[in-house]
Structure formats: C-alpha cells, structure tokens
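Computed from the coordinates by the stated procedures, all read-outs in this text should not be read as laboratory data. Since the model is a prediction, treat every value here as computed from it, not as a measurement. Here Cβ is always computed from backbone atoms with ideal geometry, including for glycine, and neighbour counts include all displayed protein chains.
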Amino acid sequence: MKTLFYMLVSGCFLMAACNSKAAKEGNQQTQDTTAVSAANGQHPVMTFDKPTHNFGDITQGEKVEYSFKFTNTGNKDLLIMDATSTCGCTVPEWPKEPIKPGQSGYMKVIFDSHGKEGYTEKAITIRANTENEIVEGPKIQCNILKP
C-alpha cells in the first residue's frame, strides 16, 4: 500500500515538472515572437504629449474634464479597444476609429468629485493593439475642497 502511495505521489511530481517545462517553453516562444515583432516595427506606439494634468483646487461635487492629446508614433494603425479607471468617478472617452501612424487623437477624461475630499490622483489604463496590450495612460490630479 505504501509503495503504491509513493508511486502515485512520484507520478504527480513528474507530471507537474513536465507541464511546467512545456509552459516555460511556450512562454519563451511567445516572448521571442513579440521581440521579433517589436524589432520589425509591427506595433503602433501611443505617445501622450502631457502624461499628467493637475486641475488644482476644485469644489466637492464639481465635474471637470481634460482632453489628453496623443500621437501614434509607431508604424501600424493604433486601435484603442478600451480605457478604464480604478473607480466610476473617472470616465475616459477615446476615438473608436484607428489612428494612423503620425496622426494624433484625444482622450477626454471626465472626473466627478461628488463625495470625494482632499488630494486625488486617478490613472487611466488603456487596452490597445500596442506591443504590450495594456498601456498606462494619462493621470489627472486635483485637490477637492468642501463647499
């Protein structure tokens, strides 16, 4: 009975080791393909003119907005699939059509300070067809004062 148990445990360890090796090899192939694609300039690049905008002091309950200008500095059309923030108080709006290499677009960010107080910083996370699918986008900052 003990022998059967040890054989079963050994078999599990052997299977786990084989699966781990196959996963590493598959991951290495993905990294190699990404590196070749990047080296060949096969991805768009999203470059913001101004990565952070500070609204300064605003009054609690006020809605403010700012449009961040960005340029596709890559060699392929840029397509933004999604843009989000960490909370519902910050809403990004982005162009739905592809941005050609060398062209610019705007990402509008609307911030609702209702129920907030003090210093606030919100970042936008963008999902696009760039080399890394997730792009750390622009940030907004402000100091929210009670009325």
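Just to confirm the filter: which trypsin sites (Lys or Arg not before Pro) across the range 85-134 are DSSP coil and have at most 14 other Cβ within 10 angstrom of their Cβ? The partial results should precede the final answer.
Values: sites: K96, K108, K116, K122, R127; in loops: K96, K116.
Qualifying residues, ordered by number: K96.
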Sum up the charges of everything whose Cβ sits under 12 Å from the Cβ of P44, counting Lys and Arg as +1 and Asp and Glu as -1, but leave P44 out. -1
Taking the convex hull of Cα positions in the range 46-145, its mean projected area over all directions (nm²): 5.7 nm²
Set the bar at 29 Å for Cα to Cα. Now go through K69/K146; K63/K100; K76/K116; K96/K139; K96/K116 and name every pair that lies beyond it. K69/K146; K63/K100; K76/K116; K96/K116
For K50, give me every one of the aspartates and glutamates with a C-alpha distance below 19 angstrom, ignoring sequence neighbours fewer than eight places off in its own chain. E65, E93, E121, E136
Phi-based couplings in Hz for the range 59-71 (Karplus 6.51, -1.76, 1.60; Gly and Pro marked x): 8, 3, x, 6, 9, 10, 9, 8, 9, 8, 8, 9, 10
What order do you get for 55-67, 82-94 when each peptide is scored by the mean count of other beta carbon atoms within 10 Å, highest first? 82-94, 55-67
For T130, the net charge from surrounding residues (Cβ-Cβ under 14 Å; K, R +1; D, E -1) works out to -3
Environment charge of T59, counting only residues whose C-beta is closer than 14 Å and scoring Lys/Arg +1, Asp/Glu -1: -1
Loop only per DSSP, at most 14 neighbouring Cβ atoms within 10 Å: give me the GluC sites (Glu not before Pro) in the range 105-147, ordered by residue number. E117, E133
